[in-house]
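The values are calculated or read from the model by the stated rules, or taken from the named source; none is laboratory data. Treat the numbers as computed from the prediction; the structure is a model and nothing was measured. Don't worry about glycine lacking a Cβ; one is built from the backbone with ideal geometry, like all the others, and counts go over all protein chains shown.
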Amino acid sequence: MFALPSVWNLVISTLVFIIAAKYLRAYLEEQGLPKGVTRGVLVFSLASLLSWGSGEAVDWAEEKIEGPKPQIAQSPGDISQLLDALGQAQSSAAPKQPVQEN
C-alpha cells in the first residue's frame, strides 16, 4: 500500500540526493565521461536510488523506534464506515438543548 513519507524521510532523502548528485558529477568528471544526456541520466538515476534507499532506511528506523503506524481506510467501504463513526461522534457531542436566538 502506498503511504505518505514522513517529514524526516523527505528531508534526509533530499539532502542525500543533492550530495550524491554533486559527488557523482565530480567522480564522472574525474573519470573523463563527457557532459551530456547519458551522464545526466546516470547521475540522476544513481542519486535517485541512493535517495530512495536513505528514505527507506529513515522510515525503517522510525518504525523500529515508534512502532508501526495505524492503517488508514483503504476501500470505499472503510471510508463510509469512518464517516458514519465521525457523524455519530459529532451528534453525541452536540448540545442537547436548542440555542435561543435574540
**Request:** Answer yes or no as to whether W8 is free of Cβ contacts under 8 Å to residues at least 40 places away in the same chain, under 20 Å from the mean Cα position of the chain (by Cα) and surrounded by 10 or more Cβ atoms within 10 Å (Cβ to Cβ).
**Result:** no
**Complete:** With the first residue restricted to region 16-31 and required to be aromatic (F, W, Y), and the second required to be buried (at least 17 other Cβ atoms within 10 Å of the Cβ), Cβ contacts under 8 Å at 6 or more apart or on different chains are F17/A47; F17/L50; F17/S51
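In the set S54, S80, S92, which member is part of a helix (DSSP H, G or I), modelled with pLDDT of 90 or more and polar (S, T, N, Q)? Give the derivation first.
Working: S80 fails: modelled with pLDDT of 90 or more; S92 fails: modelled with pLDDT of 90 or more.
Within the list S54, S80, S92, the selection yields S54.
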**Fill in**
Here the qualifying pairs (Cβ atoms under 9 Å; residues six or more apart or on different chains; first in region 38-61 and within 13 Å of I19 (Cβ to Cβ) and among the β-branched types (V, I, T); second modelled with pLDDT of 95 or more and loosely packed, with under 13 Cβ neighbours inside 10 Å) come out as none
**Asked** In region 28-42, is there at least one residue being of a type in the set (A, V, I, L, M, F, W, C), within 19 Å of the chain's Cα centre (by Cα) and exposed (fewer than 14 other Cβ atoms within 10 Å of the Cβ)?
**Response** no
**Asked** Could you say whether any residue in region 19-38 is aromatic (F, W, Y), modelled with pLDDT of 95 or more, within 21 Å of P5 (Cα to Cα) and part of a helix (DSSP H, G or I)?
**Response** no
**Asked** Any residue at all in region 6-21 that is more than 30 Å from K69 (Cβ to Cβ) and out of contact with any strand residue (DSSP E or B) (no Cβ under 9 Å at 6 or more places or on another chain)?
**Response** yes
